[in-house]
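Below: one structure, written as structure tokens.
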Amino acid sequence: MARKNRRNDGAGGDIASLVTQVSPAMRTFRRQMHQTPEVMFEEHQTAALIRGQLDRLGVAYLPAPSEAPTATIACIGDPQLPCIALRADIDALPITEATGAAYASTIPGRMHACGHDGHTAALLGAAAVFKKIERSLDVCVKLIFQPAEEGGGGAERLVRAGVMDGRLGPKPLAIFGLHGWPGIPLGKVATRPGPLLASTDNFSATFVGKGTHGAFPHLGRDPIVATCAAVLSLQQVVSRDTNPVESVVVTVGRITGGTAVNIIPPTATIEGTARTLTHQTRQAVQEAMRRRLAGVAMTHDVQLQFVWSEGYPPTVNTPEMADYVREVAKDTFGADAFVPAAAPSMGGEDFAYYLEKVPGCFTLIGLCPEGSTDCPGLHNPSFDFNDDALPVAIQLLVSLATQWTQRSGASPAKR
Ligand code: NI
């Protein structure tokens, strides 16, 4: 692909050739990391691998905060300069790998099925490039290797520990992160201003009735029938309670209740997930669900126990930062390489917590090889991060930091 920013870095080579230089080692690292996947907050071996790479590069890192001991936060460049944060997630999933790759997971029931091994390798590759051009860097780059993206809210813990406000390393002016995306062709980069990913709240509703013999329903209060009515009523949160131009998902993924075909049980439960793209809709959906479930409970003369488990907020890109990513990507890879993401995805990301604190943008990187019609999706046991996307990811991360000052004028702090 075309790389236009053949900037001289003052270290005897341009950035693009430095990216080419570091990429093979990062491919090797990615495959090494792929073999020992660890899940939320258990990433001790993974953290040791990352710190080993940073040690090798001569990059110092901060002591990990006690609430996230497997996090690694490092800075390259003068901490007095404007700070730009770059984040990679490092955790794996509780899935048994089915890729058959030579470097497949060696830990049963654990797998890098979301490509966080690729994100980590890309950020380490960027670190290697930054280290080579450290003296000419006009920003301080803050590298965040974050644990527990998959459900553990590692980002929230790091935000609480001060990673965005200057208590844990310098306060960044902006933050950028990326995710490999199987639905986007290799070599392409996509994002959008505003919402990119959804909130990820979960809920459970238990209907407490009165158990009885299946032949004498009038002697009890049937929670199974209430549950069925509730599932149907919840469909109308999207179709009747939400503005049709807004995107909302309400999915009931589990129904439990009952022990035998001829017994009406005392309780039955539905559980599911609710996805929204704005804080306002998120609140409205929760209220609509409570109201509808309470109505169902009243109609069926059963009690309702409703639990709303707050997940990640929506991931909302700062419009100016999404514009910045677009311009940097076009300049770096050529105009055709940037694909505006037409619509958000209803998946979620804890990158959202950083974006609540500082401006920034989350970007999707194409993984699907040309001509391939069978690119396994994220969280699929056959998924594997495409190593050919590593140079793109490394180059993008590097460019986002190195083009900051030039594109934001003389006073980046005023952005
Ligand atoms: Ni992921």
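The values are calculated or read from the model by the stated rules, or taken from the named source; none is laboratory data. This structure is a prediction, so every number in the text was calculated from the model and none was measured. No Cβ is skipped: glycine too gets one built from the backbone with ideal geometry, and neighbour counts run over all protein chains shown.
Take Val325 and decide whether it is on the phi < 0 side of the Ramachandran plot, crowded, with 22+ Cβ neighbours inside 10 Å and not assigned by TED's automatic domain parsing to the domain that holds Ile175. Taking the combined requirement at face value, the residue does not satisfy it. Would you check if Glu149 is within 16 Å of the ligand (Cβ to nearest atom), under 19 Å from the mean Cα position of the chain (by Cα), under 26 Å from Arg56 (Cβ atoms) and among the charged types (D, E, K, R)? For Glu149, the condition - within 16 Å of the ligand (Cβ to nearest atom), under 19 Å from the mean Cα position of the chain (by Cα), under 26 Å from Arg56 (Cβ atoms) and among the charged types (D, E, K, R) - is met.
What number of residues in the stretch 32-67 are among the hydroxyl-bearing types (Ser, Thr, Tyr) and under 24 Å from Pro381 (Cα atoms)? First the steps, then the outcome.
So the first thing to find is which residues in the stretch 32-67 are among the hydroxyl-bearing types (Ser, Thr, Tyr), and the list is 36, 46, 61, 66.
Retained after the next criterion (residues that are under 24 Å from Pro381 (Cα atoms)): 36, 46.
Result for the stretch 32-67: 2.
Only a single criterion out of (1) surrounded by fewer than 24 Cβ atoms within 10 Å (Cβ to Cβ); (2) of a type in the set (A, V, I, L, M, F, W, C); (3) assigned to a loop (DSSP other than H, G, I, E, B) is not satisfied by Val163, namely (1). Evaluating Cys75 against the criteria (1) surrounded by 17 or more Cβ atoms within 10 Å (Cβ to Cβ); (2) among the hydrophobic types (A, V, I, L, M, F, W, C); (3) more than 18 Å from Gly177 (Cβ to Cβ) leaves one unmet condition, (3).
The rows are residues; the columns are (1) more than 16 Å from the ligand (Cβ to nearest atom); (2) free of Cβ contacts under 8 Å to residues at least 12 places away in the same chain; (3) within 19 Å of Ala85 (Cβ to Cβ); (4) not in a strand (DSSP E or B).
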position: Thr269; (1), (2), (3), (4): yes, no, no, no
position: Arg275; (1), (2), (3), (4): no, no, no, no
position: Arg290; (1), (2), (3), (4): yes, no, no, yes
position: Glu320; (1), (2), (3), (4): yes, no, yes, yes
position: Tyr324; (1), (2), (3), (4): yes, no, yes, yes
position: Tyr354; (1), (2), (3), (4): no, no, yes, yes
position: Ile365; (1), (2), (3), (4): no, no, yes, no
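Would the stretch 164-177 turn up any residue that is within 16 Å of the ligand (Cβ to nearest atom) and within 19 Å of Asn317 (Cα to Cα)? Within the stretch 164-177, one or more residues are within 16 Å of the ligand (Cβ to nearest atom) and within 19 Å of Asn317 (Cα to Cα).
Is one or more of the residues making up the stretch 58-77 at negative phi, within 16 Å of the ligand (Cβ to nearest atom) and of a type in the set (D, E, K, R)? Within the stretch 58-77, not a single residue is at negative phi, within 16 Å of the ligand (Cβ to nearest atom) and of a type in the set (D, E, K, R).
Got a sec? Which of Thr276, Thr269, Thr242, Thr259 is assigned by TED's automatic domain parsing to the domain that holds Gly209 and either at pLDDT below 95 or within 23 Å of Leu378 (Cβ to Cβ) (or both)?
Values: Thr269 fails: either at pLDDT below 95 or within 23 Å of Leu378 (Cβ to Cβ) (or both); Thr242 fails: either at pLDDT below 95 or within 23 Å of Leu378 (Cβ to Cβ) (or both); Thr259 fails: either at pLDDT below 95 or within 23 Å of Leu378 (Cβ to Cβ) (or both).
One residue alone meets the criteria, Thr276.
Only one entry in Phe351, Phe338, Phe362 is of a type outside the set (Lys, Arg) and farther than 30 Å from Arg160 by Cα, namely Phe338.
With the requirement that a residue be in contact with a Cys (Cβ under 8 Å, 6 or more places away or on another chain) and within 16 Å of the ligand (Cβ to nearest atom), what does the stretch 91-142 give you? Break it down stepwise before answering.
Restricting attention to the stretch 91-142, the residues satisfying the condition of being in contact with a Cys (Cβ under 8 Å, 6 or more places away or on another chain) are 92-93, 139-142.
Scanning the stretch 91-142 gives Ala92, Leu93.
Within the stretch 183-196, the set of residues being buried (at least 21 other Cβ atoms within 10 Å of the Cβ), over 18 Å from Trp404 (Cβ atoms) and within 16 Å of the ligand (Cβ to nearest atom) comprises Ala190, Leu196.
Within the stretch 367-379, restricting attention to residues that are surrounded by fewer than 22 Cβ atoms within 10 Å (Cβ to Cβ) and in contact (Cβ under 8 Å) with a residue 12 or more places away in the chain, the residue that is nearest to the ligand (Cβ to nearest atom) is Leu378. Scanning the stretch 173-184 for any residue that is on the phi > 0 side of the Ramachandran plot and in the same structural domain as Ala343 (by TED's automatic domain parsing) turns up nothing. Taking (1) touching a residue at least 60 places away in the same chain (Cβ under 8 Å); (2) surrounded by fewer than 17 Cβ atoms within 10 Å (Cβ to Cβ) in turn, Lys330 satisfies each apart from (1).
Set side by side, the residues Ala88, Ala68, Ala113 differ, and just one is under 30 Å from Glu310 (Cβ atoms), part of a strand (DSSP E or B) and at pLDDT 95 or above, which is Ala88.
For Ala85, the test of being more than 15 Å from the chain's Cα centre (by Cα), crowded, with 24+ Cβ neighbours inside 10 Å and either within 16 Å of the ligand (Cβ to nearest atom) or touching a residue at least 40 places away in the same chain (Cβ under 8 Å) (or both) is passed.
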